[in-house]
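Notes to accompany the following structure.
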Amino acid sequence: KQEVTQIPAALSVPEGENLVLNCSFTDSAIYNLQWFRQDPGKGLTSLLLIQSSQREQTSGRLNASLDKSSGRSTLYIAASQPGDSATYLCAVRFMIKAAGNKLTFGGGTRVLVKP
Amino acid sequence: NAGVTQTPKFRVLKTGQSMTLLCAQDMNHEYMYWYRQDPGMGLRLIHYSVGEGTTAKGEVPDGYNVSRLKKQNFLLGLESAAPSQTSVYFCASSYPLLPGQGAVSGNTIYFGEGSWLTVV
């Protein structure tokens, strides 16, 4: 069964420290992997999409890496700010036949950046 | 440029009542999905559709029905609401992916803003 896991479930860091968020998945046959941000009571904001052929993707202070062989992705947020406090979700589109290319989500990591 | 639109955004139901959530997308996407999100958890797939007139079950389909009569709309129905269906519901849509399309741009999945449903 294709599964996505995010550990830890919650993380607290002081402002300015770099954030490292982990995502692991059980099958290396994927189309892509996507990181989302979710603020309390809000919808999903797509942060980065990494194609299966890519090793990393960058946007501003955000950098996401992908290692398909080990089933891991890491989201790095440099020089964290209180505004980075949110829940971060990792989602994978596995290559499952007849599954509608659905996204499988991890449980999320809730991040608190303390001023 | 509406993208994916869900209605209603908020609803309170009594146990046993029925209701329908509407999802509309204006991007001509073939695939549409309904997910639910419970506190402290990621999203779980309820049902999905790979084209007009088709539907399929996801991970947690019990207690829900869906219909895709028009390509741009995907309806999620609760026939007899239960407190366990209190959740946030997200609709999404995308183009289909085929093997070898891992590097094709624009193959992301687009989400609506969510519908908050409380069953009392």
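The values are calculated or read from the model by the stated rules, or taken from the named source; none is laboratory data. Quick caveat: nothing in here was measured; it's all calculated off a predicted structure. Cβ coordinates were reconstructed from backbone atoms using ideal geometry, including for glycine residues, and neighbour counts include every protein chain displayed. Heads up: the accessible areas ignore ligands, DNA and RNA and are worked out on the full protein's heavy atoms, side chains in. Shrake-Rupley method; radii C 1.70, N 1.55, O 1.52, S 1.80 Å.
Values for this structure:
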item	result
Some residue of region B:26-39 being at pLDDT 90 or above, over 24 Å from A:PHE94 (Cα atoms) and either out of contact with any Ser or Thr (no Cβ under 7 Å at 6 or more places or on another chain) or open to solvent by 50 Å² or more (accessible area, probe 1.4 Å) (or both)	yes
Criterion (buried (at least 19 other Cβ atoms within 10 Å of the Cβ) and touching a Lys or Arg at 6+ places or on another chain (Cβ under 7 Å)) met by exactly one of A:ALA86, A:ALA78, A:ALA91	A:ALA86
The listed residue being within 27 Å of A:ARG110 (Cα to Cα), within 10 Å of chain A (Cβ to nearest Cβ), among the basic types (Lys, Arg) and in a strand (DSSP E or B), out of B:ARG44, B:ARG11, B:ARG36	B:ARG44
Filter result (without any contact (Cβ under 8 Å) to a residue 40 or more places away in the chain and of a type in the set (A, V, I, L, M, F, W, C)) within region B:23-45	B:MET41, B:LEU45
Extreme residue, most open to solvent (accessible area, probe 1.4 Å), among residues of region A:94-108 that are over 14 Å from A:ALA29 (Cβ atoms) and touching a residue at least 12 places away in the same chain (Cβ under 8 Å)	A:GLY107
Hits in region A:5-39 (condition: among the hydrophobic types (A, V, I, L, M, F, W, C) and at the interface with another protein chain (Cβ under 10 Å from one of its Cβ atoms))	A:ALA9, A:ALA10, A:ALA29, A:ILE30, A:PHE36
